[in-house]
1. Over the chain, what relative contact order in percent results from Cα pairs under 8 Å that are six or more residues apart?
2. How much length is gained if the chain between Leu133 and Arg221 is pulled fully straight, taking 0.36 nm per residue apart and subtracting their Cα-Cα distance, in nm to one decimal?
3. How would you classify segment 1-119 from its alpha-carbon gyration tensor, with a ≥ b ≥ c the square roots of the eigenvalues: rounded for a/c under 1.5, else prolate if a/b is greater than b/c, otherwise oblate?
4. Determine the gain in length on full extension of the stretch Ser147-Val28; use 0.36 nm per residue of separation and subtract their C-alpha separation, reporting nm with one decimal.
5. Could you tell me the calculated FRET efficiency between Ala20 and Ser95, based on Cβ-Cβ distance and R0 = 35 angstrom, to the nearest 0.05?
6. According to the square roots a ≥ b ≥ c of the eigenvalues of the Cα gyration tensor, what is the shape class of segment 137-222, taking rounded for a/c under 1.5, prolate for a/b larger than b/c otherwise, and oblate for the remainder?
7. Per residue, what accessible area does the chain have, given a 1.4 Å probe and all protein chains present, in Å²?
8. Specify the inter-centroid distance of segment 76-107 and segment 186-222, based on alpha-carbon positions, in whole Å.
Amino acid sequence: MNGLIVLQAVFFLGGLAVLALAWRMRRVNRVPRLTGVSWWAAGYAAIGLAAIGAGADFYYGDWIKGFVTHLLLTGGVALVWAGTRLFFEGRVGNSTMAASAVLLACEAVGIFWYYFISPSYQARLTITCVVLLILSMSLSMSLFLSSMDDRAVIAAGVCYSLFAVLNGLRTLSILISPEPFAHYRSGPLAVAATALMLPVLLAAQAASLVMIRDTIRGRKRK
């Protein structure tokens, strides 16, 4: 029970911190407006709500954690990835957007099926893990390919890569040693990886905020 309370605190506080930084991004981006930053803010807002929802299942029911948070989390990461492409390249290709939409639609169908029709936490976890892996590694590659001489860009790319690794470790730990009704508390590795995922995302978000400020300063000097 103590472990559950600690994780809930991590989810609530981490989610609130993500939302606060998303709001800060939106405020910093008011003048001048940079392409892609609004997508970052929207994506991180979805991720923050997903974190809070994961901690709120104890009060509102498992459907929040089992269904809603999966879609908010992956949808949020997809928005951050699209925002990154817009920020550095000014556009996102139609084929890329279509592939992302299909990926998220397939995940939504899978999560719906394995929650409402044929309940299976392991199946939902695996689907979300695969989608997050694809999105977070694509996000990392977009950052690394855009600029390798900017510390904030490199830091964000490393954080998203670490997020993907932690997500994979958490999923493998739960699938290999599942504990009934424990979910992300299935063993110390799952607990540790789950608890670390939010701080890593916060670090990536902070690095993105530095990128925004550096870009604005650069424009003002010109």
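1. With pairs under 8 Å counted, the relative contact order is 20 percent.
2. This chain segment gains 27.8 nm when fully extended.
3. Judged from the Cα gyration tensor, segment 1-119 comes out oblate (a/c at least 1.5, b/c at or above a/b).
4. The span from Ser147 to Val28 would gain 40.6 nm if fully extended.
5. 0.50
6. Values: a/c = 4.90, a/b = 2.87, b/c = 1.71.
Prolate, because a/c is 1.5 or more and a/b exceeds b/c.
7. Heavy-atom SASA per residue in the chain reads 49 Å².
8. Taking the Cα centre of segment 186-222 as reference, the centre of segment 76-107 is 19 Å away.
The values are calculated or read from the model by the stated rules, or taken from the named source; none is laboratory data. What you see is a predicted model; the values in this text were computed from it and never measured. Methodologically, a virtual Cβ is constructed for each residue, glycine included, from the backbone with ideal geometry; neighbour enumeration extends over all protein chains shown. Ligands, DNA and RNA are stripped out before the accessible areas are found, and what is left, the full protein with its side chains, is counted by its heavy atoms. Shrake-Rupley method; radii C 1.70, N 1.55, O 1.52, S 1.80 Å.
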